[in-house]
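K.L.:
Have a look at this one.
The values are calculated or read from the model by the stated rules, or taken from the named source; none is laboratory data. All figures in this text were calculated on a predicted structure; none of them were measured in a lab. Don't worry about glycine lacking a Cβ; one is built from the backbone with ideal geometry, like all the others, and counts go over all protein chains shown.
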Amino acid sequence: MNGRVALVTGCGSEGGIGFAIARALVAAGARVAVTATTARIHDRRAELGAAFAEVADLTDAAQVARLFAEVRAALGPVEVLVNNAGMVQTGRNLRRLGVEGLSNDAFAAHLAMNVTTTFHCIRETLPDMRAASWGRIVNISSITGPITAISGSSGYATAKAAVTGLTRATALENAQYGITCNAVLPGWITTGSSSAKEVRAGRASPTRRSGTPDEVAACALFLASAGASYVNGAMLVVDGANTLIEIKGAGAF
């Protein structure tokens, strides 16, 4: 990763997956730009030793265009894009609701935070990556949606499933240009936003614990590397074997 220009979105929380991925990229020698929706991203930049930081609402295409232009001017074209923004956004509280209780606005907000942000960033970076005949795009999705479902999380599950569809389409359309696009699907990961219920669920997994942001970051770092050049359109599950359980709540078979 030495000298590669990388942009990681959703890095506002020091205990989050985005922060861990940015830290791993910095340690690997990349010149890392980070972004989030609030000014706390400048604190994260200082803590990481990142090369650039900017506040941006990635649901707004104009702000995304501005962000990429500023990174390009400061560091050069983005060569590694990690789309981590989604799920939780400062100042927004999306309630858990079933399909029948989900309003149009709430459903649209889930899609905007998870899919639209990813789409805007991919669309913005592709011309530079195609011109360079090289690029790595890593989308942070979830097992929720593509593989599993949680009652009351229909909006989130739909959005994360859509991220995997966008991942596959992007991979297929850009493989000939030396660009890969893969997704990491975390299971129960302990972050600053983890609830007590989520931590208990992690303890009930086959590994008997939740994963860590660093364990997700290690997978993202591999997919961003030159060594992953023939891995394209893949969905890398990071869940401690939790989705492998066929007999649930009944003990050993």
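K.L.:
Name the single residue, out of those in region 180-208 being in a loop (DSSP other than H, G, I, E, B) and either at pLDDT 95 or above or closer than 24 Å to Ala22 by Cα (or both), that is farthest from the chain's Cα centre (by Cα).
P.N.:
Ranking the candidates gives Ser195 first.
K.L.:
Give the number of residues within region 119-174 that are part of a helix (DSSP H, G or I) and polar (S, T, N, Q).
P.N.:
So the count comes out to 7.
K.L.:
Looking at region 126-142, which of its residues are surrounded by 24 or more Cβ atoms within 10 Å (Cβ to Cβ) and of a type in the set (Ser, Thr, Tyr)?
P.N.:
The answer is Ser141, Ser142.
K.L.:
Before we move on, is Gly233 at pLDDT below 95 and surrounded by fewer than 21 Cβ atoms within 10 Å (Cβ to Cβ)?
P.N.:
So Gly233 does not fit the description; no.
K.L.:
Next up: Run Arg200 past the list (1) in contact with a His (Cβ under 6 Å, 6 or more places away or on another chain); (2) without any contact (Cβ under 8 Å) to a residue 24 or more places away in the chain and report the number of the one that doesn't hold.
P.N.:
With respect to (1) in contact with a His (Cβ under 6 Å, 6 or more places away or on another chain); (2) without any contact (Cβ under 8 Å) to a residue 24 or more places away in the chain, Arg200 is out only on (1).
Per-residue answers, yes or no, for (1) in contact (Cβ under 8 Å) with a residue 12 or more places away in the chain; (2) out of contact with any Gly (no Cβ under 7 Å at 6 or more places or on another chain); (3) aliphatic (A, V, I, L, M):
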| position | (1), (2), (3) |
| --- | --- |
| Leu7 | yes, yes, yes |
| Gly10 | yes, no, no |
| Ser13 | yes, no, no |
| Phe19 | yes, yes, no |
| Leu25 | yes, yes, yes |
| Ala28 | yes, yes, yes |
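K.L.:
When you look at Thr59, is it among the polar types (S, T, N, Q), assigned to a strand (DSSP E or B) and either under 16 Å from the mean Cα position of the chain (by Cα) or under 26 Å from Asn182 (Cβ atoms) (or both), yes or no?
P.N.:
no
K.L.:
Right, another one. Just to be sure I understand, how many residues within region 98-115 are assigned to a helix (DSSP H, G or I), surrounded by fewer than 20 Cβ atoms within 10 Å (Cβ to Cβ) and either on the phi > 0 side of the Ramachandran plot or not aliphatic (A, V, I, L, M) (or both)?
P.N.:
5
K.L.:
Moving on to the next point. Checking the conditions here, which among Ala53, Ala73 is small (Gly, Ala, Ser), buried (at least 19 other Cβ atoms within 10 Å of the Cβ), modelled with pLDDT of 95 or more and not in a loop (DSSP other than H, G, I, E, B)?
P.N.:
On inspection, the qualifying residue turns out to be Ala53.
K.L.:
Let me ask another. Name every residue in region 2-33 that is part of a strand (DSSP E or B) and among the aliphatic types (A, V, I, L, M), in order of residue number.
P.N.:
Passing the criteria: Val5, Ala6, Leu7, Val8, Val32, Ala33.
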